[in-house]
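What follows is one structure encoded as C-alpha cells, with my remarks underneath.
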Amino acid sequence: MKLLTTFATTLLAFSISTTTIAAQEKSHTAGVQFGGGGLEYKNQDTNGEGVVTSYLYYNYKFLPNYTLEVGLLSGSDLDWDCDKTDGEWECFSDNDRKNNIDLDADKLSLDALVVAIETDLALSKRNSLYAKLGASFYDYQLSLNNNKEVDESGVGLMLEGGWEYRWDMGIGMNVGFQYQKMGDLKANTLNVGVSYSF
C-alpha cells in the first residue's frame with residue numbers, strides 16, 4: 001500500500017510540474033520566414049545567390065525544449081536569364097549580366113512540405129539558439145528557354161540553425177541558415193522570420 005501511495009504521489013507531482021511548465025510556456029507557434037541564397041544541382045551552382053524562398057510553418061511544443069514542426073516551403077529563381085552564344089548557353093543571376101552562374105537554367109520552381117523536430121537552448125529569458133532536423137517532401141522544376149529540363153520529386157533532408165528573440169506578448173523574430181538536400185538539388189539560404197506563440 002505504501003508503494004502505491006508513493007507512486008500516486010510521484011505521478012501527481014509530475015503531472016502538476018508538467019502542467020506548470022506548459023502554463024508558463026506557450027505550446028503553439030505560427031510563423032513565416034523569407035530567405036535568399038544559392039543552390040547547386042549536380043555540381044553546377046548559382047555561386048551562392050539568385051534563389052528566394054518563403055516558409056510558412058506551425059509548431060507544437062510537446063516537451064520543454066522540443067517542438068514538432070510542419071511547414072510549407074516555396075522557392076524560385078531571382079532574375080535568372082540566359083543567352084545562347086556559339087551554341088553554348090551562358091546564364092546569369094541578375095539583369096546586369098555581372099553574376100554568371102554555372103547552372104544552365106533560367107527558371108526554378110520549388111515546393112516542399114516539411115516535417116521537422118526543433119530543439120532550443122535558452123541564452124536568456126528572451127534569447128535562444130535553435131536547431132531543426134526534418135524531412136522535406138519536395139517537388140521542383142528547372143527550365144531553360146521555356147523547356148522543362150528537370151522535374152523531380154521525392155523525400156529530402158532539411159537542416160536549420162539560428163537565433164531567436166521572443167517578447168512576452170508572444171511575438172518573436174529569428175535569423176537562421178537553412179540547408180535543403182532534395183535529390184540532386186542542394187539549397188542554402190539565409191532566413192529572417194517572424195512568429196507568434198499562443
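Here, each number is a calculation from the coordinates, and none is a lab measurement. Note that the structure is a prediction, hence the values are computed from the model and not measured. All Cβ positions, even for glycine, are placed from backbone atoms using ideal geometry, and neighbour counts span all protein chains on display.
Comparing 184, 81, 120 in a Gaussian network model of the chain where C-alpha atoms under 10 Å apart are linked, the largest mean-square fluctuation is found at 184. Using only Cα atoms, tell me the angle between helix 2-24 and the longest principal axis of the chain; keep it within 0 to 90° and round to the nearest 10. Relative to the chain, helix 2-24 is tipped by roughly 50 degrees. Stretching the chain fully between residue 137 and residue 177 yields a gain of 12.5 nm (0.36 nm per residue, less the alpha carbon separation). Taking the Cβ of residue 142 as the center, what net charge do the other residues with Cβ under 11 Å away carry, scoring Lys and Arg +1 and Asp and Glu -1? Spelling it out: positives minus negatives among the neighbours equals -4.
Considering Cα pairs under 8 angstrom that are at least six residues apart, work out the relative contact order of the chain and quote it in whole percent. Mind dumping the intermediate values first?
Working: 502 pairs, mean separation 38.8, N = 198.
RCO, the chain: 20 percent.
Can you check what the net charge comes to around residue 52, using other residues whose Cβ is under 11 Å from the Cβ of residue 52 (Lys, Arg +1; Asp, Glu -1)?
So the environment of residue 52 carries a net charge of -3.
By the count of neighbouring beta-carbon atoms within 10 Å, fewest first, 119, 189 end up ordered 119, 189. In region 136-198, Rg over Rh equals 1.16, where Rg is the alpha-carbon radius of gyration and Rh the Kirkwood radius from pairwise Cα distances.
With viscosity set to 0.692 mPa s and temperature to 37 °C, compute the Stokes-Einstein D of region 81-198, Rh being the Kirkwood radius across alpha carbon pairs; µm²/s, no decimals. Rounded, D is 196 µm²/s.
For the chain, the 222 nm mean residue ellipticity estimated from helices alone, with every DSSP H stretch of n ≥ 4 adding -39500 (n - 2.57) and the total spread over all residues, rounds to -4000 deg cm²/dmol. Summing Lys and Arg as +1 and Asp and Glu as -1 over all other residues whose Cβ lies under 13 Å from the Cβ of residue 131 gives a net charge of -4. Checking the Cα-Cα distances for 125/186; 84/186; 98/181 against a 32 Å cut-off, the pairs over it are 125/186. 3J(HN,Hα) along region 56-69, derived from phi through the Karplus expression 6.51 cos²θ - 1.76 cosθ + 1.60 where θ = phi - 60°, amounts to 9, 9, 10, 9, 10, 7, 9, 9, x, 10, 9, 9, 9, 10 Hz, with x in place of Gly and Pro. What's log10 of I(q)/I(0) for the chain at q = 0.15, 0.17 Å⁻¹, Debye sum over Cα points only, no solvent? Those come out to -0.90, -1.05, one per q.
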